[in-house]
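Beneath this line is the structure, given in structure tokens, with notes to follow.
The values are calculated or read from the model by the stated rules, or taken from the named source; none is laboratory data. All values derive from a computational prediction rather than experimental measurement. Cβ placement follows ideal geometry from the backbone for every residue including glycine, while neighbour counts extend to all protein chains displayed.
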Amino acid sequence: MSAALQLDDVAIRFGGVQAVAGVSIAVATGDFVGLIGPNGAGKTTLIRIIAGLLRPDRGRIRLSGVDVMGDATAARVRRGLALTHQIVRPFRQMSVLDNVVLGAGYRRTSNPLRAMLHIDRRRENERAGYILAQVGLAGAERKLAGSLPLGQMKRLELARALAVDPKVMLLDEPLAGLNRTEASKHVEAISDVHKRGVTVILVEHNLEEVMRICRRLIVLNNGQVIGDGEPVKVMADPVVHEAYVGSGMVTHAEA
Amino acid sequence: MLKLESLKCGYGSVEAVHNVSFDVPAGSVFALLGPNGAGKTSTIMAIMGHVDIHGGRIVLEGEDITHRRAIDRVGLGVSLVPEGRQLFSDLTVDENLTVGGYARPANRDPAKRDRVFGYFPRLHERRGQLAGSLSGGEQQMLAIGRALMAEPRLLLVDELSLGLMPKMVDLCLDTLMQLKREGLTIVLVEQNTARALDVADQVCVLSSGVQVYQGTASEAKAAGSMFATFLDMSEPV
Amino acid sequence: MSAYEISIVSVIGINVILAVSLNMISGFCGQISLGHGAFFGAGAYATALTMVGVGSVPLAICAAIVTGSLLGIVVGFASLRVRTDFLAVTTIGVNFLFIGFVRKQAWLGGEMGISNVPATGLGASGNMIMTLLFACATIGLSFYISRSWMGFAFRAVGEDEGAAATLGINSGAYKLAAFGIGTALAGLAGAMYTFFTQFITADAFDFIFSVMLMAMVVIGGIGSTWGVVVAAVGLTLLPEAIRFVNDYRLLVFGGLLVLVIRLAPGGLAAMTRGALLRVRRI
């Protein structure tokens, strides 16, 4: 049975900077992975490569065994990859419901010709309503997406990602900008998604929450994997500890 | 990565740098020290291609670039963080970064921008702000970020610490260290000798356009007061 | 109806097709096209050549639609490669290139254009009715697309291509579709124009005309079919009704455009919606 997501020797450099240095990872179906690492570790660059937003210098990416290297983002989504952004990007001019309906209609929008031939939205409306309830946004359907507070917007993003029936969900810093309670609630929502059988890969700085829910921790530093396994074991590894604490970097938050 | 061989350069007929040679290995930090007027900036500008070469050679990764135009050198991977930052003050942080990456394919832009904001989270908060309204430290961060958008193999940094709070100097130098760990080669011109020695692998002191000292940073630190005299020597007569 | 009234109504019909089709590209899908005149012209020339060569009205209409659409798809491909702010400039360039090219081609009539295009045989009234029928069809198509999944995807692509991609929407394909359909209809308008005037020169399809079309779309309310129709009708009639407007057409249109962008960017459609909401609250 092939891995839900397989990366083989993925690498990219920006001039003299080796941003991702030959990363190979296999994520099994049903995994709940936390991808962490200090600032500048190459996490965001790697996520962009997996999402199809950036072409690596070398390497292979496979979704459930299918090579997606040549596929643009939209094509990868159709193969079962879902993404949420660090900075939320809902369609602000559309209603909350419509944002999710559009996702639920991914079969309708597979090509323009097909899209032109279909008008009926009843099935997708229903499904969208159901998904919104799942993430705790029941009742917000009619609101303009742009008018939601941040915590709800993040859950809308989650709902949209669910709407495309993903096999693998890639979440880029979903807790950024949320206070403690909001973060805790959002983490529960993500955990629910995972319980429904979606393979989840979470990129996060918030170590506390990551340790709580992820079953597997992968640590990146200087573009390389320096730790991979059970969260507690990985964090106890001196190499990982050194990367986070001992690199002598001034915490930019203080500066 | 970079080799200067008996470089003589200056402005018109005035020679500012006489016979400077050094070698910068790939992935290392090379510091050029000395007081004002010693020829440090002229040397950096010669590497960038903005100064008349009177003699000698500049070799980048085996290729002789002595007489190449500055514009071509950027394409070959040389990028400059100029003295005094020289940002586009009427453009926003984002726009300055866009300009920095303009010669590279547009589809790489977002990823590189993310990385710059990863090195400098403060810039991310101020991304829509006009560059002219940033603090000194933020301007320096932006200048470095802008240079990085060009995907350089060799980064030239001219007088990073001028007018900056010590904390900001630390932050910027730490970022240079991080870039070095990621494989970037850096030539650093600095007046703040102490911090430069912390960060550099190799050191060269210029005085009135002439090399008066060259060695590793650890040697220089060990030499202590002796090393200081080399710097004192560089008082203009 | 007098000959004058027939010609006014014909021109209104043509402008409605042009404005509604431009609204599909720029309003529904958010792709700024300031060269719509070029596709209008391409259709007009294709029709003229077909009528002169073969004399078949259905064939001429097909030629116009296909030519407009092909040129539009080529421009659409260009739109995929350029940074967003450059699309407007590219379309302006296409317009100028089209005029420049056509003026130099002897087989296209050069500077003199093509004159004495054979009549359709329907007479002026017949042509007018045909034009109106096509205008209604265009409006109908616009409403249909707006309510279909295609319109839904267009709105997503126009607002945020990256976010659209995360929902599996291939922005490139949809942009091409928008250009293809919008420019096919512009070509159709070109056919109606040639049937109407039986004489065409390149100047009728220039950049200034493209800007006036965009003015109709913006003033009507970018994205709103009926708003654009009202603006197209109104702005066609205005120069006829008021001598001053006719003499200073560019100034008045340009001025209105600037006013709308500054004070009421949503155009007539948004103003009406706002007014209706206020009325309901009373």
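Here is how the numbers come out for the structure above:
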{"item": "Filter result for B:GLU219 (surrounded by fewer than 24 Cβ atoms within 10 Å (Cβ to Cβ), within 14 Å of chain A (Cβ to nearest Cβ), more than 23 Å from B:GLY37 (Cβ to Cβ) and not hydroxyl-bearing (Ser, Thr, Tyr))", "result": "no"}
{"item": "The lone exception for B:VAL157 - which of (1) part of a helix (DSSP H, G or I); (2) of a type in the set (Val, Ile, Thr); (3) away from chain A (no Cβ under 11 Å) it fails", "result": "(1)"}
{"item": "Top-ranked residue in the stretch B:75-132 [being of a type in the set (Lys, Arg) and in contact (Cβ under 8 Å) with a residue 24 or more places away in the chain; ranked as farthest from the other protein chains (Cβ to nearest Cβ)]", "result": "B:ARG85"}
{"item": "Members of the stretch C:130-160 that are surrounded by fewer than 19 Cβ atoms within 10 Å (Cβ to Cβ), more than 7 Å from every other protein chain (Cβ to nearest Cβ) and of a type outside the set (A, V, I, L, M)", "result": "C:CYS136, C:GLY140, C:PHE143, C:TYR144"}
{"item": "Criterion violated by C:GLY182 - all others in (1) within 14 Å of another protein chain (Cβ to nearest Cβ); (2) at pLDDT below 95 satisfied", "result": "(2)"}
{"item": "The lone exception for A:LEU53 - which of (1) within 30 Å of A:VAL17 (Cβ to Cβ); (2) in contact (Cβ under 8 Å) with a residue 24 or more places away in the chain; (3) at the interface with another protein chain (Cβ under 8 Å from one of its Cβ atoms) it fails", "result": "(2)"}
{"item": "Yes/no for B:ASP52 being over 14 Å from B:GLN211 (Cα atoms) and of a type outside the set (Gly, Ala, Ser)", "result": "yes"}
{"item": "Sole residue being part of a helix (DSSP H, G or I), among the basic types (Lys, Arg) and over 23 Å from the mean Cα position of the chain (by Cα), chosen from B:ARG113, B:ARG108, B:ARG122", "result": "B:ARG108"}
{"item": "Some residue of the stretch B:29-38 being modelled with pLDDT of 90 or more and assigned to a loop (DSSP other than H, G, I, E, B)", "result": "no"}
{"item": "Positions within the stretch A:80-107 being surrounded by 18 or more Cβ atoms within 10 Å (Cβ to Cβ), more than 8 Å from chain C (Cβ to nearest Cβ) and part of a loop (DSSP other than H, G, I, E, B), in sequence order", "result": "A:GLY80, A:VAL88"}
{"item": "The one condition in (1) within 16 Å of the chain's Cα centre (by Cα); (2) over 17 Å from A:ILE226 (Cβ atoms); (3) outside any loop (DSSP other than H, G, I, E, B) that A:GLY59 fails to fulfil", "result": "(1)"}
